[in-house]
Amino acid sequence: MEIFGIPHQAFLGQLLLGLVNGAFYAMLSLGLAVIFGLLDVVNFAHGALYMLGAFVAWLLLDKLGINYWFALVLAPLTVGALGVVIERLFLKHLYKLDPLYGLLLTFGLALIIEGIFRELFGSSGQEYPVPALLQGATNLGFMILPIYRTWVVVVSLAVCLGTWYLIERTRLGAYLRAGTENASLVQAFGINVPVMVMLTYGAGAALAGLAGVLAAPIIQVNPLMGSNLIIVVFAVVVIGGMGSIMGSILTGLALGVVEGLTRVFYPEASAIVVFVIMVIVLMIRPAGLFGKEA
Amino acid sequence: MTSTRTPMTYTHQMARAARVVRITYLVLLVIALLAPLLGLYPVFVMKLLCFAIFASAFNLLLGFTGLLSFGHAAFFGSAAYITGWLIKAHNLTPELGILAGAAGAGAIGLLIGLVAIRRQGIYFAMITMALAQLVYFFCLQAPFTGGEDGLQGVPRGNLFGLIPLMSDTAMYYLVMAVFVACFLGISRIVTSPFGQVLKMIRENEPRAISLGYQVDRYKLLAFVLSAALSGLAGSLKTLVMGFATLSDVHWSMSGEVILMTLLGGVGTFFGPVFGAGIVISLQDLLADKVGSWVTVIIGVIFVICVLAFRKGVVGELRDWLDRRRKQAA
């Protein structure tokens, strides 16, 4: 069986791989959007935090023998805690300044984190085994479904939707949205905004860390995995516009799928297709697909 | 202050300050002209000057127009490739190769600028970064760039077909001349009426629009000028070092030029030159001693600059002198 002249097995395989990538784009751009909404900081260190999540998982397994399932909780907590430290030590001092300084500061932090890991572990990748429970594949009849990749898509989607629910439908989320609109007014109503800001950055960092753990068994864990991804995620954010949570999720997933399909039909362009789409979107709708016109 | 001295007026003080600046520049120029005689390693000084041009060109955009581009490596690197390719594969003379590189970078700047100026602030930064990544992937895959190896062994050739540039001294004076021309050119642009409009856009864009200025055109022209001059720096670098590689177009290069400008002083004339000097010296000094820690050190300088040192060395110095002068007056 063939789809558009491509063996359907390869087609569906790339589609799934696209969905996996899209899930990572969605999780990372979601974190960027939440952080930007409240802090006015474009977190360049997001890629480095994602890398850190993968490395913490690898270190836990390799040095301490702690398995994937615990890493799934411990690594995001570690990265989130580091996020809290970063916010308290550095970002806190920049809130009254031009948002560009936040971008530059987090760029510097990304260089520091990546440089340290490159020095300690080299540029080559570390192997992280797929956990025993999720190994292998199921035969669905029309395609072979690798279990781990399916797991990644399902978990990422659940986390994204959970975040959406938390922000759009709960009281805590209402505080957060109100803080995005007008922080000093929320403060006046008795909400501790500085703590909220700190925890938001921590949560965004933890989300990036979780994406890193999920990615560890699929790609080689290496110090540069984050910086290659973050530029694509920036393009995703420009395409989607940072105004809407659901918008970030949908844009991330869709672009992952488009990238996967490009890999089937015209592999040379798969690395750049997201950037090309960004140019087209900017020409037609400069504020982004889900953004509000400034 | 002692009462015997007549207090100078503020304007007098300013005039004297301007004189001090002029004399400093003259002294620096004389030192630069004599550098080959002073036994400074010429290739190092040439590399430094190339990056000084690059940072000054970048500063034209960030410091005097208020646009933070995170993709200037695209112009530096593509010009480096264009020049290398034209000279190596088509035997062009160096001056034509350099001009073609700068023109190519200007053209790419026009394309990227047209897209990027549709958004402002942090979006502008992200868009330029993404588009520069597009250029990076092009350079990685294009047939004439040598892929992962880059273009190696680009000959310096003869300037105007007459003056052999193989000697480091001849090459040095060419780089020096181009640098001085760029420095003066950028100063001229910034002090011109056009430059004044750019500054107004930086300070208050809505006001510039309401006064009837076609802000997008000004921004685009500033972007193209900055791109072309960055390209000039990249072309010269290829000629000096004899190679163009992927690291010239990589995003870390875009980061480095931001750091040079920030460290030296955004929006000052001499700041980017100074910043380029510090960063290149650091890299040269540390490269074979500490390996990847260079990245960490650069990151740390970034963080310190943003947190404590936002005006940069030259900016802080200027403010300090200004305060003293006001106290004296």
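The values are calculated or read from the model by the stated rules, or taken from the named source; none is laboratory data. The shown structure was predicted, so the numbers you read here are calculated from the model rather than taken from an experiment. A quick note on method: Cβ atoms are made from the backbone with ideal geometry, for glycine too, and the neighbour counts reach across all protein chains shown.
Looking only at helices (runs of 4 or more DSSP H) that lie completely in segment A:26-143, which have at least 1 residues being more than 13 Å from chain B (Cβ to nearest Cβ) and free of Cβ contacts under 8 Å to residues at least 24 places away in the same chain?
Per the criteria, A:46-64, A:68-89.
Given the options A:T180, A:T138, A:T200, name the one that is within 19 Å of the chain's Cα centre (by Cα) and of a type outside the set (K, R).
A:T200
Being more than 13 Å from every other protein chain (Cβ to nearest Cβ), assigned to a helix (DSSP H, G or I) and more than 12 Å from the chain's Cα centre (by Cα) is the filter here; which residues of segment B:242-276 pass it?
Once the filter is applied, which keeps residues that are more than 13 Å from every other protein chain (Cβ to nearest Cβ), assigned to a helix (DSSP H, G or I) and more than 12 Å from the chain's Cα centre (by Cα), segment B:242-276 yields B:L246, B:S247, B:D248.
Kindly indicate whether any position in segment A:163-175 is assigned to a helix (DSSP H, G or I) and within 30 Å of B:W251 (Cβ to Cβ).
The answer is yes; a qualifying residue exists.
Would you check if B:H72 is under 18 Å from B:P155 (Cβ atoms) and of a type outside the set (D, E, K, R)?
Here the answer is no, as B:H72 does not meet what is asked.
Quick check, is A:A57 in contact with a Ser or Thr (Cβ under 8 Å, 6 or more places away or on another chain) and either farther than 29 Å from A:R177 by Cα or small (G, A, S) (or both)?
No, not satisfied.
Farther than 30 Å from B:A89 by Cβ and among the hydrophobic types (A, V, I, L, M, F, W, C): is that true of B:I280 in this structure?
Taking the combined requirement at face value, the residue does not satisfy it.
Filter segment B:11-60 for residues that are of a type in the set (V, I, T), without any contact (Cβ under 8 Å) to a residue 24 or more places away in the chain and over 20 Å from B:G315 (Cβ atoms) and give the result.
Scanning segment B:11-60 gives B:T11, B:I23, B:V27, B:V30, B:I31.
With the checklist (1) on the phi > 0 side of the Ramachandran plot; (2) modelled with pLDDT of 90 or more in hand, flag the one item A:A215 doesn't pass.
Looking at each condition in turn, A:A215 falls short on (1).
Regarding B:L96, is this residue free of Cβ contacts under 8 Å to residues at least 12 places away in the same chain and over 23 Å from the mean Cα position of the chain (by Cα)?
no
If you take the residues in segment B:305-329 that are free of Cβ contacts under 8 Å to residues at least 12 places away in the same chain and surrounded by fewer than 13 Cβ atoms within 10 Å (Cβ to Cβ), which one is farthest from the chain's Cα centre (by Cα)?
Here the answer is B:Q327.
Of a type outside the set (S, T, Y) and closer than 22 Å to B:L134 by Cα, is that true of B:G255?
Spelling it out, B:G255 is indeed of a type outside the set (S, T, Y) and closer than 22 Å to B:L134 by Cα.
Kindly establish whether B:G97 is closer than 20 Å to B:V215 by Cβ, buried (at least 22 other Cβ atoms within 10 Å of the Cβ), out of contact with any strand residue (DSSP E or B) (no Cβ under 9 Å at 6 or more places or on another chain) and more than 14 Å from chain A (Cβ to nearest Cβ).
no
If a residue must be at the interface with chain A (Cβ under 10 Å from one of its Cβ atoms) and either farther than 25 Å from B:E203 by Cα or not hydrophobic (A, V, I, L, M, F, W, C) (or both), how many such residues does segment B:105-127 contain?
6
Restricting the search to segment B:13-41, which residues are closer than 26 Å to B:A328 by Cα and modelled with pLDDT under 75?
Listed by number, the residues that qualify are B:Q13, B:M14.
Output the helices (runs of 4 or more DSSP H) that fall wholly within segment A:216-294 and possess 1 or more residues being within 27 Å of A:I167 (Cβ to Cβ), facing another protein chain (nearest Cβ under 10 Å) and in contact with a Phe, Trp or Tyr (Cβ under 8 Å, 6 or more places away or on another chain), or say none.
Because the criterion is at least 1 residues that are within 27 Å of A:I167 (Cβ to Cβ), facing another protein chain (nearest Cβ under 10 Å) and in contact with a Phe, Trp or Tyr (Cβ under 8 Å, 6 or more places away or on another chain), the helices (runs of 4 or more DSSP H) in segment A:216-294 that meet it are A:225-240.
Quick check: anything in segment A:75-89 surrounded by fewer than 21 Cβ atoms within 10 Å (Cβ to Cβ) and in contact with a Phe, Trp or Tyr (Cβ under 8 Å, 6 or more places away or on another chain)?
For segment A:75-89, residues surrounded by fewer than 21 Cβ atoms within 10 Å (Cβ to Cβ) and in contact with a Phe, Trp or Tyr (Cβ under 8 Å, 6 or more places away or on another chain): present.
Can you pull out the residues in segment B:47-83 that are more than 14 Å from chain A (Cβ to nearest Cβ), within 30 Å of A:L105 (Cα to Cα) and aliphatic (A, V, I, L, M)?
Within segment B:47-83, B:L48, B:L49, B:A52, B:I53, B:A55, B:A57, B:L60, B:A79, B:A80 meet the criteria.
Of the residues A:A48, A:A33, which is within 12 Å of the chain's Cα centre (by Cα) and modelled with pLDDT under 90?
That would be A:A33, the only listed residue that is within 12 Å of the chain's Cα centre (by Cα) and modelled with pLDDT under 90.
Take the residues in segment A:91-120 that are within 12 Å of A:M198 (Cβ to Cβ) and more than 22 Å from the chain's Cα centre (by Cα), then tell me which one is modelled with the lowest pLDDT.
A:Y95
Looking at (1) surrounded by 14 or more Cβ atoms within 10 Å (Cβ to Cβ); (2) without any contact (Cβ under 8 Å) to a residue 60 or more places away in the chain; (3) within 18 Å of A:V213 (Cα to Cα), which is the one condition that is false for A:Q187?
It is condition (3) that A:Q187 fails.
Can you work out which of the residues in segment A:171-209 that are among the hydroxyl-bearing types (S, T, Y) and modelled with pLDDT under 90 is farthest from A:Y95 (Cα to Cα)?
Residue satisfying both the conditions and the ranking: A:Y175.
Pairs, please: C-beta under 8 Å, at least 6 apart or cross-chain, first residue aromatic (F, W, Y) and in segment A:282-294, second modelled with pLDDT of 85 or more?
A:F290/A:G240; A:F290/A:M246; A:F290/A:G247; A:F290/A:S248; A:F290/A:L250; A:F290/A:T251
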